[in-house]
Amino acid sequence: MPAADPLDWNDLRYFLRAVQLKTLAGAARAMGVDHATVGRRLSALERSLGAPLVIRGPDGLHPTPLGESLLPLAEQVERAVLAFHDRATQQPSRVRLALPTGFTKLFTAELARLRSDHPQLSLDLLSGARPADLRKGEADLAIRSGPVLDEDLVARTLCESGWSLYASPAYLTRRPPPLDPNDLNGHDVIGYDPSLAAVPAAKWIAERAHNATVVLRSREMTDMLAAALSGAGLAVLPCLLGDEEAGLVRLTPSVLATREVSLVYPREARLAPPVQAVIRFVVEVMRENADRVSGVPRGT
């Protein structure tokens, strides 16, 4: 006896509809296909089982004894598939977005908008200085500051991020602000960790700190912000952080350093609808807040 064809679970749908509606034409209309397709799939199922399931008569289709016995099982399969789909679609879809410190508040402030459009979507924000490795699955999307050199990543430019010079009132009580922000002679400054030496803000302060005292170095913006707030020294911080911190004074309207901000994701990734929704959300929010991120004073 020749081996039976492998069972295609999808063919059970054609068998079920054909028996329920008693004609190939009726099943075809219900399933949105032509009647030849129903007949072909039904025949394929019978071949895979090695036995007929329906009798084709002048008054329509009737199940054989085997078909009659399998009908309840096919109905169970259909119910299980529908329950499977419902359970999956009702679960919140998690999208992980990695982003630099300071950007989180832009998205939490607008989260209600995303939730209104996509109530089943859950957004995980992963903030910090260390870039998430997208190829290892550490995040689905990432906001990156600076050039994106990895050819395996798609990079979508969002805006430009600006840095300026800040100090706390406590520090300025000890030492008056520099008359020229380019001259940090005699001041205490908060520097960048050597691993960030290529960052424009780190270069700016390193070039002007020769006659200053570097009291602290860090790679985390939150640590540098905390140090500046405590009065430890002058700091070059992202304007998005410094301008909106009540405990800091911006010492110059000038933007001292800039970096391009991009949204990146793996080039080969198949973007699921929730990920596409977050991409649209990120692009909208960043465009609306481009001035805040750039640090350029209004009217200039």
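Return yes or no: is residue 56 surrounded by 13 or more Cβ atoms within 10 Å (Cβ to Cβ) and either at pLDDT below 85 or more than 18 Å from residue 7 (Cβ to Cβ) (or both)?
Judged against the criteria, residue 56 is a match.
Just give me the residues in segment 118-173 being over 14 Å from the mean Cα position of the chain (by Cα), of a type in the set (Lys, Arg) and closer than 29 Å to residue 247 by Cβ, in sequence order.
Scanning segment 118-173 gives a single hit, 130.
It is to be established whether one or more residues within segment 211-218 are within 27 Å of residue 291 (Cα to Cα) and in contact (Cβ under 8 Å) with a residue 40 or more places away in the chain.
No, the conditions are met nowhere in segment 211-218.
Just to be sure, is residue 193 under 28 Å from residue 107 (Cα atoms), in contact (Cβ under 8 Å) with a residue 40 or more places away in the chain and surrounded by 14 or more Cβ atoms within 10 Å (Cβ to Cβ)?
The answer is no for residue 193.
Please verify whether residue 107 is more than 30 Å from residue 207 (Cα to Cα), in contact with a Leu (Cβ under 8 Å, 6 or more places away or on another chain), aromatic (Phe, Trp, Tyr) and outside the structural domain of residue 215 (by TED's automatic domain parsing), treating the condition exactly as stated.
When the stated conditions are applied, residue 107 passes them.
Of all residues in segment 229-251, which are buried (at least 20 other Cβ atoms within 10 Å of the Cβ) and closer than 12 Å to residue 164 by Cβ?
Across segment 229-251, the qualifying residues are 234, 235, 236, 237, 238, 239, 240, 241, 242, 248.
The values are calculated or read from the model by the stated rules, or taken from the named source; none is laboratory data. Source: prediction; values computed, not measured. Here Cβ is always computed from backbone atoms with ideal geometry, including for glycine, and neighbour counts include all displayed protein chains.
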